[in-house]
Amino acid sequence: MMEIKKKTKTDEVWERLYARFEKDNLLAETKKRKPRRYILGWGAVAAAMIVGVVFALTLWRTSPPDVDTRNFVTQENQEAATLVKTLEDGSVVYLAQASTLQYPEHFDTDRREVNLQGEAFFDVAKRPEQTFLIDTEKVRVEVLGTAFDVRSNEKNPFSLSVLRGKVKVSLKQGNQTLYVGAGETVILQNDGLQISTTKYSGHFDRYTKNIRFKDECLEDVLRVVNMESSGRQIETLSPALGKKRLTVEFSDNSPESVAELICWTFNLKCAREGNKLILSE
């Protein structure tokens, strides 16, 4: 019985089959052959086709399924204080009450994609080679590096206000796409997107008045606190200290009060150097 061994390349299989059929005179050579010879020739071709199908099925069965194997993280905020989360790329998300954010533990090399249900303020780290995408129920948001807030819930199907930069907003159903710049707000109304000027100058302040961090690195906590402070900046004396994890809540705290609370939590020392507060062990 003829035995055919599997090869990794399909071409090698066909070449071996063709050589074996030719050696055994199983291929039809000329039109002058007897009908029986034609039958054998077509039978050989059919056999080769069957082997090819079996080979393809084997590859299909042994190939790993095309599934998303990334680990996803879900952040849910049910408290009044804004939950602040720093993502892998350095982007900061301020998650409002009754809101949920889902994102992969590690982003793809060409995109950073998250899913939002509710309301959040995004301060996206600028990475031109890695687009930042936000999926809501009816609208998709695309940015490279900017700051804006998004609302998408039962009471408010969709609205977005830009603090700085520019954001691309596209309806999932329909061909409408708009670019929203700083000082502008886009809303979803009557199944269409409409742009207007952001009316309230303190529109974004409500996200930072009362913030909390849940199991965040101290360096990420301080980076957010420093972004919100126009005065003194808080730093750690050593990188190892910045890796300590912290769960804490701040409410309109001054840099001095924040530094004092962190020192009390980790039993640290605080020294003032010019415009900086330096934390050390």
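Of the residues Gly202, Gly145, Gly181, which single one is free of Cβ contacts under 8 Å to residues at least 24 places away in the same chain and outside the structural domain of Asn77 (by TED's automatic domain parsing)? First the steps, then the outcome.
On the way: Gly145 fails: outside the structural domain of Asn77 (by TED's automatic domain parsing); Gly181 fails: outside the structural domain of Asn77 (by TED's automatic domain parsing).
Residue meeting the stated conditions: Gly202.
Assess whether Tyr103 counts as being more than 13 Å from the chain's Cα centre (by Cα), part of a strand (DSSP E or B) and among the hydroxyl-bearing types (Ser, Thr, Tyr). Outline the logic, then answer.
Working: more than 13 Å from the chain's Cα centre (by Cα): no; part of a strand (DSSP E or B): yes; among the hydroxyl-bearing types (Ser, Thr, Tyr): yes.
When the stated conditions are applied, Tyr103 does not pass them.
Matching residues to (1) surrounded by 14 or more Cβ atoms within 10 Å (Cβ to Cβ); (2) in contact with a Leu (Cβ under 9 Å, 6 or more places away or on another chain); (3) within 26 Å of Thr100 (Cβ to Cβ):
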residue	(1), (2), (3)
Glu154	no, no, yes
Ser161	yes, no, yes
Ser170	yes, yes, yes
Phe204	yes, yes, yes
Met227	no, no, yes
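Which ones in the range 216-241 are under 17 Å from Asn275 (Cα atoms) and not in a helix (DSSP H, G or I)?
Ser229, Ser230, Gly231, Arg232, Gln233, Ile234, Glu235, Thr236, Leu237, listed by residue number.
List, please: which pairs have Cβ atoms under 9 Å, are six or more places apart or on different chains, and start with a residue in the range 264-276 that is in contact (Cβ under 8 Å) with a residue 12 or more places away in the chain and end with one that is of a type in the set (Ser, Thr, Tyr)?
Leu268/Thr236; Leu268/Ser280; Lys269/Ser280
Taking only pairs six or more apart or across chains, which ones have beta-carbon atoms under 8 Å, a first residue in the range 223-238 that is among the charged types (D, E, K, R), and a second residue that is buried (at least 17 other Cβ atoms within 10 Å of the Cβ) and assigned to a helix (DSSP H, G or I)?
Arg232/Pro255; Glu235/Leu222
Mind listing whichever residues of the range 138-164 are farther than 19 Å from Ile195 by Cα and acidic (Asp, Glu)?
Glu154
Can you tell me which residue within the range 244-266, out of those that are modelled with pLDDT under 95 and part of a loop (DSSP other than H, G, I, E, B), is surrounded by the fewest Cβ atoms within 10 Å (Cβ to Cβ)?
For the range 244-266, the residue satisfying everything is Asp252.
I want to confirm something. Restricting to the range 48-73 and keeping residues that are modelled with pLDDT of 50 or more and surrounded by 10 or more Cβ atoms within 10 Å (Cβ to Cβ), which single residue is nearest to Phe250 (Cα to Cα)? First the steps, then the outcome.
Residues of the range 48-73 that are modelled with pLDDT of 50 or more, as a first pass: 68-73.
Keeping just the survivors that are surrounded by 10 or more Cβ atoms within 10 Å (Cβ to Cβ) gives 70, 72-73.
Working: Arg70: 33, Phe72: 28, Val73: 24 Å.
So, considering only residues that are modelled with pLDDT of 50 or more and surrounded by 10 or more Cβ atoms within 10 Å (Cβ to Cβ), the one nearest to Phe250 (Cα to Cα) is Val73.
The values are calculated or read from the model by the stated rules, or taken from the named source; none is laboratory data. What you see is a predicted model, and the numbers here were worked out from it, not measured in a lab. Cβ sites come from the backbone with ideal geometry, for glycine too, and all protein chains shown count toward neighbours.
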